[in-house]
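J.: First the structure, then my questions, so here it is.
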Amino acid sequence: MHTTARPAGTGTTTSGAARRRAYALAGAGLTAAALAGCAGTPGAAAVADGRVIPASDVRVAMQELGALGGQISVASVTSVLVQEPIVAELGEQYGVGASDEEAAALLDQSATQADPGAAPGTYSEPTLAIARYTLVTGELSELENADEVIAAFTERLDALDLEVNPRYGTADGGNVGAPAAWPWIITPVEAGS
């Protein structure tokens with residue numbers, strides 16, 4: 001039997017192959033943790049104060065908005081879907097709002113600008129939410145006390161507990177920034193590209 005002399009207290013020897021397996025397993029664990037993104041929430045693009053923004057909502061909105069001829073990013077769509085409930089609450093608080101019909105009309109207007117022969121469309125809830133966000137933020141910015149509204153919006157964004165799946169972006173306060181460039185993460189294709 002062959003024994004290896006080692007200093008006292010160093011434990012058992014580990015072969016090079018066993019060490020490589022241990023490193024590979026540790027690396028796989030870190031990769032899995034990073035890919036999990038919104039821990040415990042499979043299929044989420046983001047989780048904001050416990051509210052899940054499904055990856056499917058981001059994909060559908062990107063497809064529908066991309067078909068209207070717009071250049072949009074995964075991060076911007078995710079960010080608006082995160083922020084839309086805050087904007088809706090502020091709109092209600094300050095007496096402005098937008099209906100689904102008004103949102104659809106805005107989307108139809110965008111469609112006819114891209115293609116004058118476009119017929120009115122049917123839009124998903126995430127796409128309507130983005131259009132409502134656009135209408136309400138426009139109205140809020142025209143209020144006499146717009147500075148007060150912006151301060152309230154910023155305060156709510158700063159207090160937001162936001163977790164973002166790395167495929168959809170990075171959490172930056174209450175905003176979603178561009179996804180980090182990790183060679184092992186496949187980022188959804190930008191609409192209109």
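The values are calculated or read from the model by the stated rules, or taken from the named source; none is laboratory data. This structure is a prediction, so every number in the text was calculated from the model and none was measured. Neighbour counts are summed over all protein chains in view; Cβ atoms, including those assigned to glycine, are modelled from backbone coordinates with ideal geometry. When the accessible area is computed, the model is the full protein with side chains, heavy atoms only, and any ligands, DNA or RNA have been set aside. Shrake-Rupley method; radii C 1.70, N 1.55, O 1.52, S 1.80 Å.
J.: Once fully extended, how much extra length lies between Q109 and E89, figured as 0.36 nm per residue of separation less the alpha-carbon to alpha-carbon distance? Kindly include the intermediate steps, with their values, before the conclusion.
T.: On the way: separation 20, 0.36 × 20 = 7.20 nm, distance 2.55 nm.
Extra length available between Q109 and E89 comes to 4.6 nm.
J.: So what does L128 come to for accessible area, using a 1.4 Å probe and Å² rounded to 10?
T.: 20 Å²
J.: How high is the FRET efficiency from S124 to A146, r the C-beta distance, R0 25 Å, rounded to 0.05?
T.: The value I calculate is 0.25.
J.: Tell me, what is the FRET efficiency for D172 and D100 to the nearest 0.05, using R0 = 30 angstrom and their Cβ-Cβ distance as r?
T.: About 0.50, to the nearest 0.05.
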